[in-house]
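The values are calculated or read from the model by the stated rules, or taken from the named source; none is laboratory data. Since the model is a prediction, treat every value here as computed from it, not as a measurement. Virtual Cβ from ideal backbone geometry, glycine too; neighbours counted across all protein chains shown.
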Amino acid sequence: MKNLEIKDLSSWPIDVSTRPLVIAGPCSAETEEQVMEAARGVKAAGIQIFRAGIWKPRTRPNSFEGIGAKGLIWLQKVKEEFGLITATEVANARHVELALGAGVDILWIGARTTVNPFAVQEIADALRGHDIPVLVKNPINPDLELWMGAIERLHAVGLTRLAAIHRGFSTYQKLKYRNDPQWQIPIELKRRMPQLPIFCDPSHITGDRDLLDEVAQKSMDLNYEGLIIESHCKPEEAWSDAKQQLTPIALKELLANLVLRDPEA
Ligand code: PEP
Ligand code: MN
């Protein structure tokens, strides 16, 4: 399936005049106070889109699996109080219904869901008739076809505001990063779906806040359109992904230090 009709980011409910487009916020919504504090910081860092996971598919049981639907009310407050665009992860049709009902602006599909064609199809069916922006994370395994297949399933129900998120691939090898970036895979995705915007997720690639800048820079050098980065006001106390989150102030500095080449040059 070639040349999917995918609209560019200017069709999203955001200002796209600055590059990169940044989505930031905590890995997980934990408490109302934590969400509001993070949103205040993200807004102050000049970011337009706030992320927070409320349903968290985790690899092992007995980890924090998300606060659930009550987090949707906190996201509504984030919109009202700070005028931020909100984004959250959906992993099944019920999540889609609840998120759409609560007015979440942007959805993403997580790496553990992209691997499952029936789960993606269920999400796609629940989204039919709603042209909300949806970002599709790469599957946890390095399978470009599976990643493209998920995007095609969403496109087939009429979604045109789609984007990819590169979050790296699971590996059993000891690497400097938590997930192997395998840059050749998103590069090939860009070649095969040139109209699809792509965001880099340095948080889940590196698993380490001290390494975020080099991965974010590399994605800018490859002309990615955006970044999705986890930010928490007290990162070391975070209920999930504590090592990779950074404060909104540190995030602002990271963004200011990115070197952007002119994509046309
Ligand atoms: C997340 O974005 O918090 C998340 C769970 O990511 P991934 O699906 O990339 O592991
Ligand atoms: Mn996370």
Checklist line | Some residue of segment 139-149 being closer than 20 Å to P20 by Cα, modelled with pLDDT of 95 or more and outside any loop (DSSP other than H, G, I, E, B) | finding: no
Next item on the list: Output the number of residues of segment 221-237 satisfying the condition of being more than 16 Å from ligand 2 (Cβ to nearest atom) and within 15 Å of I165 (Cβ to Cβ).
Entry: 4
Notebook entry, point to check: Here is a list of conditions, (1) away from ligand 1 (no atom under 13 Å from the Cβ); (2) outside any helix (DSSP H, G or I); (3) under 24 Å from R153 (Cα atoms), and R94 meets all of them except one; can you say which number that is?
Noted result: (2)
Next item on the list: Starting from residues that are away from ligand 1 (no atom under 16 Å from the Cβ) and modelled with pLDDT of 95 or more, keep the ones in segment 13-38 and report whichever is surrounded by the fewest Cβ atoms within 10 Å (Cβ to Cβ).
Entry: E33
Margin query: Tell me the residue from E236, E188, E225, E214 that is more than 30 Å from G66 (Cα to Cα), of a type in the set (D, E) and more than 14 Å from ligand 1 (Cβ to nearest atom), please.
Written below: E188
Note to self: Let me confirm something: among W147, W55, which residue is farther than 21 Å from Q195 by Cβ, within 14 Å of ligand 1 (Cβ to nearest atom) and either under 16 Å from the mean Cα position of the chain (by Cα) or buried (at least 22 other Cβ atoms within 10 Å of the Cβ) (or both)?
What the structure shows: W55
Checklist line | Single condition D208 does not satisfy, out of (1) among the acidic types (D, E); (2) within 16 Å of ligand 1 (Cβ to nearest atom); (3) in contact with a strand residue (DSSP E or B) (Cβ under 7 Å, 6 or more places away or on another chain) | finding: (3)
Margin query: Looking at segment 110-120, can you tell me whether even one residue there is within 12 Å of A52 (Cα to Cα) and not in a loop (DSSP other than H, G, I, E, B)?
Written below: no
Item checked: Residues located in segment 165-188, provided they are at pLDDT 95 or above, surrounded by fewer than 19 Cβ atoms within 10 Å (Cβ to Cβ) and basic (K, R) -> K176
Margin query: Can you report the number of residues in segment 86-115 which are away from ligand 2 (no atom under 16 Å from the Cβ), buried (at least 17 other Cβ atoms within 10 Å of the Cβ) and of a type in the set (S, T, N, Q)?
Written below: 1
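Return the residues of segment 39-59 that are within 14 Å of ligand 2 (Cβ to nearest atom) and either at pLDDT below 95 or not in a strand (DSSP E or B) (or both); say none if nothing qualifies.
Passing the criteria: A52, I54, W55, K56, P57, R58, T59.
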Check: How many residues does segment 108-154 contain that are among the polar types (S, T, N, Q) and within 19 Å of P181 (Cβ to Cβ)?
Finding: 3
Notebook entry, point to check: Across segment 163-217, what is the number of residues that are among the basic types (K, R) and closer than 29 Å to R153 by Cβ?
Noted result: 5
Item checked: Selected residue (criterion: nearest to I47 (Cα to Cα)) from residues of segment 65-91 that are part of a helix (DSSP H, G or I) and within 15 Å of ligand 1 (Cβ to nearest atom) -> L75
Notebook entry, point to check: Pairs, please: C-beta under 8 Å, at least 6 apart or cross-chain, first residue touching a residue at least 12 places away in the same chain (Cβ under 8 Å) and under 19 Å from I228 (Cβ atoms) and in segment 117-143, second aromatic (F, W, Y) and assigned to a helix (DSSP H, G or I)?
Noted result: V136/W147; N138/W147; P139/W147
